[in-house]
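Reviewing the structure listed below.
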């Protein structure tokens, strides 16, 4: 079973995803976001809170190489979060100022590989942010991120068996 958990920032997505795997036994927690590094105290606090909630028996892999992480994972997988992965992909390839078509092609190819790797997993919960319900971003980078993530979310949802929308800590199964 593969489940995509989406919703706004601080909606309770990660907590819900963790609860879905509470009885799974072996879990590989894949964190593709920037690690805590002392540069951003708010981000560091968020990473620390996520780490503190994880059961001691879960293994953690911090990497943007999701294909390798999923391929090497033992047991169920919790991937948190696709949004930070998209940022990592764009950062890694220095694409924030690149031609939009090129950016979409690069991220699209990486998304193809991610979706293929997800389809090879027997049990995965994937967390992502829903960014298309709010304000139109004022800057090109915000528009680019919103559009990329919306497309990636659709593609990941297509290879999942269920999608859960979390709003204010409440879960709606779509």
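At-a-glance table
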quantity: Hey, residue 61 surrounded by 15 or more Cβ atoms within 10 Å (Cβ to Cβ) and within 27 Å of residue 141 (Cβ to Cβ) or not; calculated: no
quantity: Leading residue by the ranking (surrounded by the most Cβ atoms within 10 Å (Cβ to Cβ)) among those in region 28-48 that are touching a helix residue (DSSP H, G or I) at 6+ places or on another chain (Cβ under 9 Å) and closer than 22 Å to residue 6 by Cβ; calculated: 30
quantity: Segments classed as helices (runs of 4 or more DSSP H), wholly inside region 1-109, with at least 3 members that are at pLDDT 95 or above; calculated: 13-20, 66-72, 82-92
quantity: Identity of the residue in region 70-94, in contact with a helix residue (DSSP H, G or I) (Cβ under 9 Å, 6 or more places away or on another chain) and either more than 23 Å from residue 7 (Cβ to Cβ) or without any contact (Cβ under 8 Å) to a residue 40 or more places away in the chain (or both), that ends up surrounded by the most Cβ atoms within 10 Å (Cβ to Cβ); calculated: 89
quantity: Residue satisfying all of: in region 121-133; touching a helix residue (DSSP H, G or I) at 6+ places or on another chain (Cβ under 9 Å) and part of a loop (DSSP other than H, G, I, E, B); nearest to residue 5 (Cα to Cα) among these; calculated: 130
quantity: Hits in region 30-66 - residues which are over 20 Å from residue 128 (Cβ atoms) and in contact with a strand residue (DSSP E or B) (Cβ under 9 Å, 6 or more places away or on another chain); calculated: 55, 57, 59
quantity: Set 114, 118, 149: member being in contact with a helix residue (DSSP H, G or I) (Cβ under 9 Å, 6 or more places away or on another chain), farther than 15 Å from residue 30 by Cβ, in contact (Cβ under 8 Å) with a residue 24 or more places away in the chain and part of a helix (DSSP H, G or I); calculated: 149
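The values are calculated or read from the model by the stated rules, or taken from the named source; none is laboratory data. The structure presented is a predicted model; accordingly, all values stated were derived computationally and were not measured. When we count neighbours, we look across all protein chains shown, and the Cβ atoms used for this are built from the backbone with ideal geometry, even at glycine.
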